[in-house]
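**Q** Take a look at the following structure, please.
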Amino acid sequence: MSRRFCPPRRLKPPLRREGAIDYDGGMRPKALILRTAGINCDVETGYAFELAGGQSEYLHINRLLERPELLEGYQILAAPGGFSYGDDIAAGRIFANQIRHHLAETFSRFIEGGKPIIGICNGFQVLVKTDLLPGAIAGQSGQTCTLANNDCGRLVDRWVSLAGRGGKCIWTAGIERMELPIAHGEGKFVPRDERVRKALWEGGQVALVYAKADGEAAGGVWPDNPNGSVDDIAGVCDASGLVFGLMPHPERHVDATQHPAWTRVKELAKEGQGLAVFKNAVRHVKEAVGAGV
Amino acid sequence: MIYRIDVKVAGNGIDPLGESVRHQIAEFGMNVGAIETARIFLIDTDATREQIARVAGELLADPVVERAEWVARKPADKGKSRIEVHLKPGVMDPVAASTEMAIRDMGLSVREVRTGRAYLIEGTVAREELKRIANRVLANGVVESVNFEAFVPKAFPAGHGYRLNLRHASIRGLDDGQLAKLSREGHLFLSLPEMKAIQAYYQQAGREPTDVELETLAQTWSEHCVHKTLKSAVDLEVKDEAGKVVERRHYGNLIKDTIFKSTMELMESGSGSRVSGSGGEFCLSVFVDNAGVIVFDDRDAVCFKVETHNHPSAIEPYGGSATGIGGVIRDILGTGLAAKPIANTDVFCVGYPDYDREKLPNGVIHPKRILRQVVAGVRDYGNRMGIPTVNGAVYFDNRYLGNPLVFCGCVGLIPRNMIQKQSRKGDAIVVIGGRTGRDGIHGATFSSAELTNTHADEFSHAVQIGNAITEKKMTDVVLQARDRGLYTAITDCGAGGLSSAVGEMGQKLGAFVELDKVPLKYAGLRYDEIWISEAQERMVLAVPQENVKEVLDLSAGEDVEATVIGYFGTDGAELILTYAATEVGRLSMDFLHHGLPKRHLKAVATKRTVSKHNSGAHGHDARATKERLLAMLAQPNIASKHWIIRQYDHEVQGGSVIKPLTGPKQVGPSDAAVLRPKLDGYRGIAIGCGMSPQVEDPYDMAIASIDEAVRNVVAVGADPAKIAILDNFCWPSVEDEVTTGALVRACEACYDAAKIYGIPFISGKDSLNNQFTNQETKEVIRIPNTLLISAIAVIEDVRKCVTMDLKKDGSTFGLVRPHGLHPDLKSLAAVHRFMAEAIRSGAILSCHDVSDGGVLVAAAEMCIASGLGLSLDLSVLGRGPFDECQGKYLVEFNATNGHVPALPRCPDGVEVRVVGGVTEKAELTEGGNGADRFRVSIEELTAAWRGTLDW
């Protein structure tokens, strides 16, 4: 098998927008965008990190399986959306199986080093099925939650309102409201039991919930809660707040023209609401991890 | 040994799949009890029971919501009835392949995995009833087998190997009748003159053909691959209604002298097809490659192609539409040195969803099931590929009952310096992507035949099952190889498989192919099957020898199979095929590509009298108008298609600017989609389509289709000078002077409209055998003459685009239209240009194309989209509110209280009428001149419009 490094697919440097890049004029944290067969949101996810002031590189899982130490060269890890291995067996299951059996330690070390990980849509499904999310909880380990079939029984593409729930997630810090699109068939968040559900709330690990237009939680009612998720949960983090997964796509709302009602506003916003998620991680790496990582 | 694991919903949780199946069974008039479903895994392995228990618990079943059950012997199923569906041997099973890989990732060995599904129905259901349920709702006998008890095999049947057995056909001594018989029985679908040309070739060569040579000729010369009808010479006689010939015209090559010609003339004159400001060209590659290519910006171009996949979709709708979309994506990947797919489109024509099930001809799948399945096919394939499906349409008409139409389109982005390709002598022939199996054999010739109710059996091997992930992996690798400059040419394996791909790439050079090198899905394929198989997800690359290793390494690094199967460049430019070091075929490339005898057709058309328009209710009976409006909104052709749209990911790749459903509640039907292919800029493309099979006269039908496609993209802000269009002809048959005449008239309309609008055709495709013959009753159902026009436009700044949802209480509301009841093409073109300028100037807040259902329906849609109301007085229009004719737009002006903002100069032939205003009150009212005012709430409008197809 080739040891050739897959050359990162790079977009032109993003348009310079006020406040978008370079908080301190200094380092641009390196984000690794993990690819595999069927991952298909890699380019826009990488672009979102670039826009937020990071720099993105794209790596096929096979390169990481060959040389796990490659991960040490990055400060942020992203598992993007898509249909890894076609959602065969269940969404994210096969990709998760690869990570569990070959990369579990590598990922743990990454988190122990204080570096953030995000899983979006299929990436969220992967992180949940690798036991990384929400991680050991309520005295239970292994897979304690899942993302089951949507209540409506099929894939749904629509925009949803989300409300931040504070808590310890570094990715959603300061985010109160956000509108993002979803596009998934298996997005119904289900904790294994009541203890896990409670522990998620009490531990500040519920980061994001589906909400009504006014910001109130959706209360389980369709279409504000688009998939039947328990407690309207749209995104959770681990106990450290570093590992975050969500079903909606923040990388699909980094520009105002991506919003479905942008033609109704007088003046376009300077950036899309989802960009805040990526900026948070970049800022976190700069502040907490520092340039020495 | 083989272990069987069933995965079911855990505990007393609801089984959403079971519920949905029960619902679908009920739609067929059968009511059954609760259904429990299971996913079946059959694992052939030497691993221990404990190890497989780990596989079941960790891999196959979700530990939170599912449970795994061992099935060691047939369960008793007390009080329940069982239906099991298993794929037939040899049918693509992506889940099985992924499962095998994952089991190996767990450090265990496995020989083979197969998967299936089980449905356990509460209560005892008679066997006959179970069979009906299985056949109508659960399984497709073409690719799946049905069991009524649990399938617990001891061993999987092993495939048989193949030993070369070279077969020849005798052709030199045959008379006409025998030639025709050979063509028919060998599924060659060649005409007698074509068979005679082949006979002459072999008489001269002094030998008989091998079977694979005949197959190669049949594939290459098939209507599907070479479009011989549209390239025919045609003599047209135009008669008046009394039958007197009033005009005669001759075309040396129908398509070249009409559609191609208009593009060439536009390119030469530069008019209309120039990118304003850049001074450069607009069309970069037309009618020569897989797709038409136009300028996007200084660095990149966009290309667009639309294909049909009608006959496979009639027999196996899910696989047919999935491989339709998979195929057109490969067309884009095979354009130039490979374009990156950035958007998909889909258009379906089917019978009405409420068609009487008792009257359904034998062998025909009910239209509702067809629609569900073709949507699922596009959804599963397009979503997995990560390509947004952004635009489409559905047309219901019972003439599509036996022969539905499935159009799949794909748009690509390609660097402008990669549009040209040319394989070189000595380049290796590399096949990349999926393996070759028996699937899809004879697809090219099958699509050139007409459907009958025995086709499902006779041509079951023509059905293809796709695996999107194989194609996605291949796409990832191909685009990397392209950027590294590793190959000189690329072509997709479409209809005709390797035979057409290699034949096309080696047309000038010749090619040498070792068929036993081609990787196979299973043993036992004959050499000729390998050569013509239409197995999906394969591309052919011409790779300079020094780059071969890098291509193979790059592919292996991402788990993609790439194999050298031969080389380009033979003495005398011959095509040479070998199997096990034995020559099995040798053909002159010149004869293969230029030996097809030219056809000469006679055509008759009737000079058109002015078409009748659906003029609607002129009278202003308020109650009748309201009821008619609600009925029209609920009509399937007009009703909301959100059920389909919501299943497609139209946001992936992040470029979505105008989505298929728009407005504050995301329910309004956008006229066209707009997206930004490059995230770091605001330049974009708009994609729309038009189709008017309900118009009888073929000339008017074509104009209506073109005008609708143009209106759709103009309505969101496209400039007519930057639009390009595609044609897709679907005709019932072209067998006599009248049907040929209709085709000629449609081509003439395309020429006229393209020239006067200044909008070039850049690519096209035709499918000319779309009628269904019921072999029992001999009844023939012919589809209406159907021309799909797909439009793509380059938008300089997407932030200037508008959507169709009303924006502001108090805005002045108006209609822009051409003068007169029967506007000529010049007035229509002027309307489109005026509309584009008005939008660009900022004078328009919202704009909606007026099409099916006329002005009132379009106005209602604008209300539904926004939640705002309209107060209209349509009496000033002088035509009925449901009048359908070309060239009309409804607009919300950026001005209030009946004032009209400053507009660009209104050219001759265009009129702008104020017809009312936007109101905060959520109702649509209409009336004027003292007529009764009708009033309908937006809630009522929405319910009618969204209810019909809210599946």
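**Q** Condition first: modelled with pLDDT of 95 or more, assigned to a strand (DSSP E or B) and closer than 20 Å to B:Ile332 by Cβ. Can you find one or more residues in the range B:552-560 that meet it?
**A** There is no residue in the range B:552-560 that is modelled with pLDDT of 95 or more, assigned to a strand (DSSP E or B) and closer than 20 Å to B:Ile332 by Cβ.
**Q** Looking only at the range B:769-789, decide whether some residue is outside any helix (DSSP H, G or I), of a type outside the set (Ser, Thr, Tyr) and over 27 Å from B:Ile315 (Cα atoms).
**A** To start, the set of residues in the range B:769-789 that are outside any helix (DSSP H, G or I) comprises B:769-789.
Filter again for of a type outside the set (Ser, Thr, Tyr), leaving B:769-772, B:774-776, B:778-785, B:787-789.
Cutting the leftovers down to over 27 Å from B:Ile315 (Cα atoms) gives us none.
No, because not a single residue in the range B:769-789 is outside any helix (DSSP H, G or I), of a type outside the set (Ser, Thr, Tyr) and over 27 Å from B:Ile315 (Cα atoms).
**Q** Turning to a different aspect of this structure: Could you grab me the full set of residues in the range B:329-383 that are assigned to a loop (DSSP other than H, G, I, E, B) and within 20 Å of B:Thr786 (Cβ to Cβ)?
**A** As a first pass, look at the range B:329-383 and keep what is assigned to a loop (DSSP other than H, G, I, E, B): B:334-339, B:351-356, B:360-366.
Answer for the range B:329-383, where residues must be assigned to a loop (DSSP other than H, G, I, E, B) and within 20 Å of B:Thr786 (Cβ to Cβ): B:Gly351, B:Tyr352, B:Pro353, B:Tyr355, B:Val364, B:Ile365.
**Q** Just to verify a result, which residue in the range B:352-387, among those that are small (Gly, Ala, Ser) and in contact with a strand residue (DSSP E or B) (Cβ under 7 Å, 6 or more places away or on another chain), is nearest to B:Ser313 (Cα to Cα)?
**A** First, pick out the residues of the range B:352-387 that are small (Gly, Ala, Ser): B:363, B:376-377, B:382, B:386.
When the remaining residues are screened for being in contact with a strand residue (DSSP E or B) (Cβ under 7 Å, 6 or more places away or on another chain), the result is B:382, B:386.
Values: B:Gly382: 16, B:Gly386: 22 Å.
Per the criteria, the residue is B:Gly382.
**Q** Would you point out which residue out of A:Pro226, A:Pro191 is within 13 Å of chain B (Cβ to nearest Cβ), over 24 Å from A:Glu112 (Cα atoms), at pLDDT 95 or above and touching a Phe, Trp or Tyr at 6+ places or on another chain (Cβ under 7 Å)? Break it down stepwise before answering.
**A** Numbers: A:Pro191 fails: touching a Phe, Trp or Tyr at 6+ places or on another chain (Cβ under 7 Å).
The match here is A:Pro226.
**Q** Further, regarding this structure: For the condition at pLDDT below 95 and part of a helix (DSSP H, G or I), what is the one hit in B:Glu471, B:Glu529, B:Glu546?
**A** Details: B:Glu471 fails: at pLDDT below 95; B:Glu546 fails: at pLDDT below 95.
Of the residues listed, the single one that is at pLDDT below 95 and part of a helix (DSSP H, G or I) is B:Glu529.
**Q** What number of residues within the range B:804-843 are more than 14 Å from every other protein chain (Cβ to nearest Cβ) and assigned to a loop (DSSP other than H, G, I, E, B)? Reasoning before the result, please.
**A** Just the residues of the range B:804-843 that are more than 14 Å from every other protein chain (Cβ to nearest Cβ), to begin with: B:810, B:812-838, B:840-841, B:843.
Now restrict to residues that are assigned to a loop (DSSP other than H, G, I, E, B): B:810, B:819-824, B:841, B:843.
Adding up the residues that qualify gives 9.
**Q** Do the conditions hold for A:Gly235, that is, is it assigned to a strand (DSSP E or B), in contact (Cβ under 8 Å) with a residue 60 or more places away in the chain and among the small types (Gly, Ala, Ser)? Full working, then the answer.
**A** On the way: assigned to a strand (DSSP E or B): yes; in contact (Cβ under 8 Å) with a residue 60 or more places away in the chain: yes; among the small types (Gly, Ala, Ser): yes.
Spelling it out, A:Gly235 is indeed assigned to a strand (DSSP E or B), in contact (Cβ under 8 Å) with a residue 60 or more places away in the chain and among the small types (Gly, Ala, Ser).
**Q** Can you work out which of the residues in the range B:194-226 that are part of a helix (DSSP H, G or I) and acidic (Asp, Glu) is nearest to B:Thr308 (Cα to Cα)?
**A** Taking the range B:194-226 and keeping what is part of a helix (DSSP H, G or I), we get B:194-205, B:211-220, B:223-226.
Applying the additional criterion that residues be acidic (Asp, Glu) yields B:194, B:211, B:213, B:215, B:223.
Details: B:Glu194: 25, B:Asp211: 28, B:Glu213: 27, B:Glu215: 23, B:Glu223: 13 Å.
Step by step, filter the range B:194-226, then rank; the result is B:Glu223.
**Q** Just to be sure before I move on: is B:Arg840 free of Cβ contacts under 8 Å to residues at least 12 places away in the same chain and farther than 26 Å from B:Ala622 by Cα in the structure I sent?
**A** Details: free of Cβ contacts under 8 Å to residues at least 12 places away in the same chain: no; farther than 26 Å from B:Ala622 by Cα: yes.
It is false that B:Arg840 is free of Cβ contacts under 8 Å to residues at least 12 places away in the same chain and farther than 26 Å from B:Ala622 by Cα.
**Q** Kindly check whether there is at least one residue in the range B:503-513 that is within 30 Å of A:Cys41 (Cβ to Cβ) and either buried (at least 24 other Cβ atoms within 10 Å of the Cβ) or of a type outside the set (Val, Ile, Thr) (or both). Working first, answer last.
**A** Within the range B:503-513, the first condition is being within 30 Å of A:Cys41 (Cβ to Cβ), and the residues that meet it are none.
No, the range B:503-513 contains no residue that is within 30 Å of A:Cys41 (Cβ to Cβ) and either buried (at least 24 other Cβ atoms within 10 Å of the Cβ) or of a type outside the set (Val, Ile, Thr) (or both).
**Q** Also: Any chance the range B:26-39 includes a residue that's assigned to a helix (DSSP H, G or I) and farther than 30 Å from B:Arg438 by Cβ? Quick ask: steps written out before the conclusion?
**A** Here is the first cut: in the range B:26-39, the residues assigned to a helix (DSSP H, G or I) are B:26-27.
From what is left, the residues that are farther than 30 Å from B:Arg438 by Cβ are B:26-27.
Within the range B:26-39 (the criterion being assigned to a helix (DSSP H, G or I) and farther than 30 Å from B:Arg438 by Cβ), the answer is yes, since at least one residue qualifies.
Residue-by-condition table, conditions (1) under 9 Å from the mean Cα position of the chain (by Cα); (2) surrounded by fewer than 24 Cβ atoms within 10 Å (Cβ to Cβ); (3) not hydrophobic (A, V, I, L, M, F, W, C):
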residue	(1), (2), (3)
B:Val306	yes, no, no
B:His311	no, no, yes
B:Ala314	no, no, no
B:Ser321	yes, no, yes
B:Gly336	no, no, yes
B:Phe348	yes, no, no
B:Tyr352	no, yes, yes
B:Arg357	no, yes, yes
B:Pro361	no, yes, yes
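**Q** Just need a number here: residues in the range A:238-277 that are of a type in the set (A, V, I, L, M, F, W, C), in contact (Cβ under 8 Å) with a residue 24 or more places away in the chain and within 11 Å of another protein chain (Cβ to nearest Cβ). Walk me through how you get there before you give the answer.
**A** First, pick out the residues of the range A:238-277 that are of a type in the set (A, V, I, L, M, F, W, C): A:239, A:242-244, A:246-247, A:254, A:256, A:261-262, A:265, A:268-269, A:275-277.
Applying the additional criterion that residues be in contact (Cβ under 8 Å) with a residue 24 or more places away in the chain yields A:239, A:242-244, A:246-247, A:254, A:275-277.
This time we only want the ones that are within 11 Å of another protein chain (Cβ to nearest Cβ), so: A:254.
Here the count works out to 1.
**Q** Now a separate question. Quick check on the range A:111-118. Is at least one of its residues among the acidic types (Asp, Glu) and over 17 Å from the mean Cα position of the chain (by Cα)?
**A** To start, the set of residues in the range A:111-118 that are among the acidic types (Asp, Glu) comprises A:112.
This time we only want the ones that are over 17 Å from the mean Cα position of the chain (by Cα), so: A:112.
Yes, because at least one residue in the range A:111-118 is among the acidic types (Asp, Glu) and over 17 Å from the mean Cα position of the chain (by Cα).
**Q** Another one. Out of the range B:648-680, which residues are assigned to a loop (DSSP other than H, G, I, E, B), farther than 18 Å from B:Cys410 by Cβ and in contact (Cβ under 8 Å) with a residue 40 or more places away in the chain?
**A** Matches in the range B:648-680: B:Lys659, B:Gly663, B:Pro664, B:Lys665, B:Val667, B:Ser670, B:Asp671.
**Q** Is one or more of the residues making up the range B:67-77 within 14 Å of chain A (Cβ to nearest Cβ), of a type outside the set (Asp, Glu), surrounded by fewer than 18 Cβ atoms within 10 Å (Cβ to Cβ) and outside any helix (DSSP H, G or I)?
**A** Taking the range B:67-77 as the starting set, the residues that turn out to be within 14 Å of chain A (Cβ to nearest Cβ) are B:67-68.
Now restrict to residues that are of a type outside the set (Asp, Glu): B:67-68.
Imposing the further condition that a residue be surrounded by fewer than 18 Cβ atoms within 10 Å (Cβ to Cβ) reduces the set to B:67.
Subset that is outside any helix (DSSP H, G or I): B:67.
The answer is yes; a qualifying residue exists.
**Q** Determine which member of the set B:Arg127, B:Arg111 is without any contact (Cβ under 8 Å) to a residue 40 or more places away in the chain, more than 24 Å from A:Phe83 (Cα to Cα) and surrounded by fewer than 17 Cβ atoms within 10 Å (Cβ to Cβ).
**A** Working: B:Arg111 fails: without any contact (Cβ under 8 Å) to a residue 40 or more places away in the chain.
Among B:Arg127, B:Arg111, only B:Arg127 is without any contact (Cβ under 8 Å) to a residue 40 or more places away in the chain, more than 24 Å from A:Phe83 (Cα to Cα) and surrounded by fewer than 17 Cβ atoms within 10 Å (Cβ to Cβ).
**Q** For the list (1) among the hydrophobic types (A, V, I, L, M, F, W, C); (2) within 9 Å of another protein chain (Cβ to nearest Cβ); (3) under 17 Å from the mean Cα position of the chain (by Cα), I need the number of the one condition that A:Cys152 fails.
**A** (3)
**Q** With among the hydrophobic types (A, V, I, L, M, F, W, C) and within 11 Å of chain A (Cβ to nearest Cβ) as the only criterion, which of B:Ala139, B:Ala97, B:Ala134 stands out? Spell out how you get there, then give the answer.
**A** Numbers: B:Ala139 fails: within 11 Å of chain A (Cβ to nearest Cβ); B:Ala134 fails: within 11 Å of chain A (Cβ to nearest Cβ).
Result of the check over B:Ala139, B:Ala97, B:Ala134: B:Ala97.
**Q** Any idea which residue in the range B:14-58 is nearest to the other protein chains (Cβ to nearest Cβ), counting only those that are without any contact (Cβ under 8 Å) to a residue 60 or more places away in the chain and either touching a Pro at 6+ places or on another chain (Cβ under 8 Å) or closer than 15 Å to A:Ala148 by Cα (or both)? Reasoning before the result, please.
**A** Initial filter on the range B:14-58 (without any contact (Cβ under 8 Å) to a residue 60 or more places away in the chain): B:14-17, B:19-20, B:22-23, B:26, B:31, B:48-58.
Pick out the ones that are also either touching a Pro at 6+ places or on another chain (Cβ under 8 Å) or closer than 15 Å to A:Ala148 by Cα (or both) and you get B:14-17, B:57.
Details: B:Ile14: 9, B:Asp15: 10, B:Pro16: 4, B:Leu17: 7, B:Gly57: 10 Å.
The extreme case among them is B:Pro16.
**Q** So, one more: Taking B:Pro669 as meeting all but one of (1) within 20 Å of B:Asn728 (Cα to Cα); (2) at pLDDT 95 or above, write down the number of the exception.
**A** So B:Pro669 meets the others, but not (1).
**Q** Which of the helices (runs of 4 or more DSSP H) contained wholly in the range A:63-129 include at least 2 residues that are modelled with pLDDT under 95 and within 13 Å of chain B (Cβ to nearest Cβ)?
**A** Values: elements: A:93-102, A:104-112, A:122-129.
Per the criteria, A:93-102.
**Q** B:Gly524 is checked against (1) closer than 13 Å to B:Gly433 by Cβ; (2) assigned to a loop (DSSP other than H, G, I, E, B) and fails just one. What number does that condition carry?
**A** (1)
**Q** Separate question: Considering only residues that are farther than 12 Å from A:Ala281 by Cβ and polar (S, T, N, Q), which ones fall in the range A:28-50?
**A** Of everything in the range A:28-50, those that are farther than 12 Å from A:Ala281 by Cβ and polar (S, T, N, Q) turn out to be A:Thr36, A:Asn40.
**Q** Next question. Return the residue satisfying two criteria in turn: it lies in the range B:662-685 and is facing chain A (nearest Cβ under 8 Å) and touching a helix residue (DSSP H, G or I) at 6+ places or on another chain (Cβ under 7 Å), and of such residues it is surrounded by the most Cβ atoms within 10 Å (Cβ to Cβ).
**A** Just the residues of the range B:662-685 that are facing chain A (nearest Cβ under 8 Å), to begin with: B:662-664, B:666, B:676, B:678-682.
Still in the running and touching a helix residue (DSSP H, G or I) at 6+ places or on another chain (Cβ under 7 Å): B:662-664, B:676, B:679, B:682.
Details: B:Thr662: 25, B:Gly663: 27, B:Pro664: 16, B:Arg676: 22, B:Leu679: 23, B:Tyr682: 16.
My answer is B:Gly663.
The values are calculated or read from the model by the stated rules, or taken from the named source; none is laboratory data. Keep in mind the model is a prediction, meaning the values are calculated, not measured. So basically every Cβ, Gly included, is an ideal-geometry build from the backbone, and we count neighbours across all protein chains shown.
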